[in-house]
Each structure stands twice: as C-alpha cells, then as structure tokens.
1. (1) part of a loop (DSSP other than H, G, I, E, B); (2) touching a residue at least 24 places away in the same chain (Cβ under 8 Å); (3) within 13 Å of chain A (Cβ to nearest Cβ): which one isn't true of B:Gln17, the others all being true?
2. Can we say B:Tyr50 is surrounded by 21 or more Cβ atoms within 10 Å (Cβ to Cβ) and either under 16 Å from A:Leu102 (Cβ atoms) or not polar (S, T, N, Q) (or both)?
3. In region A:87-101, which residues are free of Cβ contacts under 8 Å to residues at least 24 places away in the same chain and farther than 23 Å from B:Asn55 by Cβ?
4. Can you tell me which of B:Gln36, B:Gln44 is facing chain A (nearest Cβ under 8 Å), of a type in the set (S, T, N, Q), within 15 Å of A:Ile103 (Cβ to Cβ) and under 14 Å from the mean Cα position of the chain (by Cα)?
5. Filter region A:21-51 for residues that are loosely packed, with under 14 Cβ neighbours inside 10 Å and touching a strand residue (DSSP E or B) at 6+ places or on another chain (Cβ under 6 Å) and give the result.
6. Looking at A:Ala65, A:Ala92, which is the one that is within 10 Å of the chain's Cα centre (by Cα), surrounded by 17 or more Cβ atoms within 10 Å (Cβ to Cβ) and within 11 Å of chain B (Cβ to nearest Cβ)?
7. Mind counting the residues in region B:27-86 that are assigned to a loop (DSSP other than H, G, I, E, B), farther than 22 Å from B:Arg110 by Cβ and in contact with a Lys or Arg (Cβ under 7 Å, 6 or more places away or on another chain)?
8. Please specify each residue of region B:1-14 satisfying the condition of being farther than 15 Å from B:Leu83 by Cβ and part of a loop (DSSP other than H, G, I, E, B).
Amino acid sequence: AQSVAQPEDQVNVAEGNPLTVKCTYSVSGNPYLFWYVQYPNRGLQFLLKYITGDNLVKGSYGFEAEFNKSQTSFHLKKPSALVSDSALYFCAVRPYNQGGKLIFGQGTELSVKP
Amino acid sequence: ETGVTQSPTHLIKTRGQQVTLRCSSQSGHNTVSWYQQALGQGPQFIFQYYREEENGRGNFPPRFSGLQFPNYSSELNVNALELDDSALYLCASSGQGGVKNIQYFGAGTRLSVL
C-alpha cells in the first residue's frame, strides 16, 4: 500500500537552532514529493517540491528538503528556526502516473520556543 | 493567499442530511481536487476534476459526489451525512492537469455533523 510516514507527532526546537522534520514514503515508481505547512484555522500552504534533479530542494521562508532515494526519505530542514515557524507540517507524495492524487502524512507539529 | 476560495467557512448539519460545499479555483487553473481532513489527521484525497470530468477518486463511498463547472469552480456534495463526516474539507486547484503542478489550497470548510 502506498503511504507517507511522519514519525514524530511533535518537534520542539529553540529559536535560532536548526530544525528537521522527518518524512519517509512508500510508493512505487518515482514519486513527486511535497511539503506543506498549515497554520491554525487555515488551509495548506505550499513550501517546496521535489520532481527530479538536485537532491537538495530550496523552498519558501528559508526551508529546504533533502531527497534520499535509497532511504525513501524527504526530510524538511531549516538552518535557523524562528518562533513564527511554529505550525503543523505535512509531507505529501504524488505517485507517478496516478493523476493529481496527493497522499499526505499525518502531520508534525513544530514548536519553536524563544 | 492562494486565490482559492471556499464557502461556507463553517457548517452544522444533522445526521442524514445532505450538504453542498463550494470552491472557486485560482485564476488560470482548470483542475480541482477535494480532500477531507479529520481532526488530528492528514488530508485524505476524495476526488479530482479536470475540465469538468472526474479524474481520479479516493476511497470514499458514492454518497460523496462532485461537479466542476465551465468556469472551473467546483462543488462537493455529501448525501446521508454520518457523524464521521465531521471534518475540514479542503479544495485545491492546479493548472493544466499535469502531474508536476502544485496544488494550491483554500482555507477549507469545517463541517460538523450532529
């Protein structure tokens, strides 16, 4: 079965420290990978995507993600966390050749403390 | 903001009733996808419409149905509401139907079934 796993329900980071939000996936073929962020009472906001090419992808607000095909992972990273980064983060995969369906992980709550 | 608008923002229904949710896609986008996000979960794909035709469906019963109009706006209809249908319903639009395109989400409609 195709799936996305975010092994941590919550990640706590001090402001200014680096952050990592983990994501692994299980799909056949070469999927397209995405990260979205959700603030309270809001929809999902696109952060970045991996389609092909360089394994390190840069996105909005200083976020980046590293694609690792052998580990089927797509971890989200930021060198220096801000309090305003506190939100719910979702990893998503679009299986190849299955139209526009996105499969989401269960989400990781990121808390950045001053 | 993404330019994707959903209405209404909140809705309260009773079990057995029917509901219609609406979505206006971002200008230039011809593909609309609908997702159900239960509390504490990631979004689950319901279906996608491309140029007024259904273009993929998730694991939802037939009482979940949809429409896309010539202006690419869309409706999600749910018949015979059940308590478990209580969730945030998200609409996302994307351009040209290509698998590489990013889905841009609206703020959602929160449905409560009593």
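A short reminder: the numbers here are calculations on the coordinates, not readings from a lab. Quick caveat: nothing in here was measured; it's all calculated off a predicted structure. All Cβ positions, glycine included, derive from the backbone under ideal geometry; neighbour counts span all protein chains shown.
1. If we test B:Gln17 against (1) part of a loop (DSSP other than H, G, I, E, B); (2) touching a residue at least 24 places away in the same chain (Cβ under 8 Å); (3) within 13 Å of chain A (Cβ to nearest Cβ), just (3) comes out false.
2. no
3. Our first condition is that a residue be free of Cβ contacts under 8 Å to residues at least 24 places away in the same chain; within region A:87-101, this holds for A:98-101.
Within region A:87-101, no residue meets the criteria.
4. Values: B:Gln36 fails: facing chain A (nearest Cβ under 8 Å).
The unique qualifying residue is B:Gln44.
5. A:Ser26, A:Tyr39
6. On the way: A:Ala65 fails: within 11 Å of chain B (Cβ to nearest Cβ).
Answer to the check: A:Ala92.
7. Result for region B:27-86: 1.
8. The initial filter retains those residues of region B:1-14 that are farther than 15 Å from B:Leu83 by Cβ, namely B:1-10.
Hits for region B:1-14 are B:Glu1, B:Thr2, B:Gly3, B:Val4, B:Pro8, B:Thr9.
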